[in-house]
Amino acid sequence: MSENKIRIAILGASGYTGAELVRLLARHPNADIVVLTADRKAGKPLSEVFPHLAGLDLPDLISIDDVEWAGVDVDVVFCALPHGTTQEIVAGLLHQTGHGLVDELVVEERKDLIAGIRKDVKVIDLSADFRLTNIETYAKWYGHEHYAPHLQDSAVYGLAEFNREAMKTTQLVACPGCFPTSAILALWPLLEAKAIRQTGIIIDAKTGVSGAGRALKENLLFGEVAEGMNAYAIGSHRHGPEIDQELSRACGEDIAVTFTPHLVPMVRGILSTNYVELTDGKTVDDLRDALEAKYADEPFVRILPEGVGPSTANVRGSNFCDINVFADRVAGRALVISAIDNLVKGASGAAVQNMNIAFGFDEVTGLEQQPLFP
């Protein structure tokens, strides 16, 4: 291992986001994957679980409870674990780093597991466990109390385009959800510029089935999903409060959006059509100017030429977010449309981008690939 490489553990490597992390990091010149954990797939080589990753020099999958942290020198831990599980793991990983007392039950549960972990380890979490700043809001929407509230204030919301500097110094990065990424990137600059009204925002989002994870679910079988489309979690999706939180930061006042996700018969991608009302005197050209000004130097946000609609097919497999704005036929309204790959910019690609920032690497390293088409 060369001196400029960092040593990486990926917890939950047998899921889609874990596999995407491996795919992106396997050729990253500064990355050395030394630990891969799984639950049901423990004991297997990753290439058996994901044959498309065959030929890579990787450790076998092991149970997280079998990791001997005292003998593993890691610089960063990616957590691609289910919601709720991550809080206990992260609380253990950061217990010895001066973050304060951890719930005693959590410490006791993970004491042996995390003994010997480096005190300066960074954690990049892909679950929702540290995204919401209000732990009561978290408990309401995720169905249980927050198990590591003492860490919430130190967590940085990992949307690189807006929190880049904070990620350089924190130990804990909370990667955004896929739907929030698509909506926030499209709407934040417009709210910040006071170009659209804070009320009446409607987010109509379409997603592929990979967003639901790899576990077997009846409603995600081919016969259930193919040749149809349906709305789900209507008026109650957990990403709604996350979108509200970040868009409220954009304009300095509380915002509540109307957000409805839809499942469409494709594997990857999110297309968000965001309906907005212009503020007095503003035009669609002003919205375009605000987007172009905000993202002029951003490597992964592309404002498309006038009249070109974003498409999930044009970002597939990449870390890009494509955005464009259109006038509605009703005066004073506009449509802001964005497209991302939910597994890359909406999850693992953003996590690698955040890792690059946290360790001072060129932000695009490991993420330079162009989209796959067709």
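Sort through SER248, SER210 and tell me the only one that's of a type outside the set (Asp, Glu), touching a helix residue (DSSP H, G or I) at 6+ places or on another chain (Cβ under 6 Å) and not in a strand (DSSP E or B). Reasoning before the result, please.
Numbers: SER248 fails: touching a helix residue (DSSP H, G or I) at 6+ places or on another chain (Cβ under 6 Å).
So the residue among SER248, SER210 that is of a type outside the set (Asp, Glu), touching a helix residue (DSSP H, G or I) at 6+ places or on another chain (Cβ under 6 Å) and not in a strand (DSSP E or B) is SER210.
Looking only at residues that are among the hydroxyl-bearing types (Ser, Thr, Tyr) and over 21 Å from the mean Cα position of the chain (by Cα) in the range 264-319, which one is nearest to ALA195 (Cα to Cα)?
First, the residues of the range 264-319 that are among the hydroxyl-bearing types (Ser, Thr, Tyr): 272-273, 275, 279, 283, 295, 311-312, 318.
Then keep just the ones that are over 21 Å from the mean Cα position of the chain (by Cα); that gives 275, 279, 283.
On the way: TYR275: 13, THR279: 5, THR283: 8 Å.
Out of the qualifying residues, it is THR279.
For ASP65, state whether it is surrounded by 15 or more Cβ atoms within 10 Å (Cβ to Cβ) and not in a loop (DSSP other than H, G, I, E, B).
Details: surrounded by 15 or more Cβ atoms within 10 Å (Cβ to Cβ): no; not in a loop (DSSP other than H, G, I, E, B): yes.
Against the criterion (surrounded by 15 or more Cβ atoms within 10 Å (Cβ to Cβ) and not in a loop (DSSP other than H, G, I, E, B)), ASP65 does not qualify.
Here is a list: ALA215, ALA256. Which entry is at pLDDT below 95, assigned to a loop (DSSP other than H, G, I, E, B) and of a type in the set (A, V, I, L, M)?
Details: ALA256 fails: at pLDDT below 95.
Of the residues listed, the single one that is at pLDDT below 95, assigned to a loop (DSSP other than H, G, I, E, B) and of a type in the set (A, V, I, L, M) is ALA215.
Only residues that are farther than 19 Å from GLY71 by Cα and not in a loop (DSSP other than H, G, I, E, B): list them for the range 1-30, please.
TYR16, THR17, GLY18, ALA19, GLU20, LEU21, VAL22, ARG23, LEU24, LEU25
Given the options HIS83, HIS28, name the one that is assigned by TED's automatic domain parsing to the domain that holds ASN354, under 19 Å from LEU94 (Cβ atoms) and either at pLDDT below 95 or of a type outside the set (Asp, Glu) (or both).
Numbers: HIS28 fails: under 19 Å from LEU94 (Cβ atoms).
Only one candidate qualifies: HIS83.
Enumerate the pairs (first residue in the range 197-211 and under 15 Å from ASP244 (Cβ atoms) and free of Cβ contacts under 8 Å to residues at least 60 places away in the same chain; second residue anywhere and among the β-branched types (Val, Ile, Thr) and outside any strand (DSSP E or B)) with beta-carbon separation below 8 Å, excluding pairs fewer than 6 apart on the same chain, so at least 6 apart or on different chains.
Partner pairs satisfying both residue conditions: GLN198/ILE255.
For the range 232-261, which residues satisfy the criterion of being free of Cβ contacts under 8 Å to residues at least 40 places away in the same chain, within 16 Å of TYR138 (Cβ to Cβ) and among the acidic types (Asp, Glu)?
Of everything in the range 232-261, just one residue is free of Cβ contacts under 8 Å to residues at least 40 places away in the same chain, within 16 Å of TYR138 (Cβ to Cβ) and among the acidic types (Asp, Glu), namely ASP244.
The values are calculated or read from the model by the stated rules, or taken from the named source; none is laboratory data. Bear in mind the structure is a predicted one, so any value in this text is a computation, not a measurement. For neighbour counting, all protein chains shown are included, and Cβ atoms are generated from backbone atoms with ideal geometry for every residue, glycine included.
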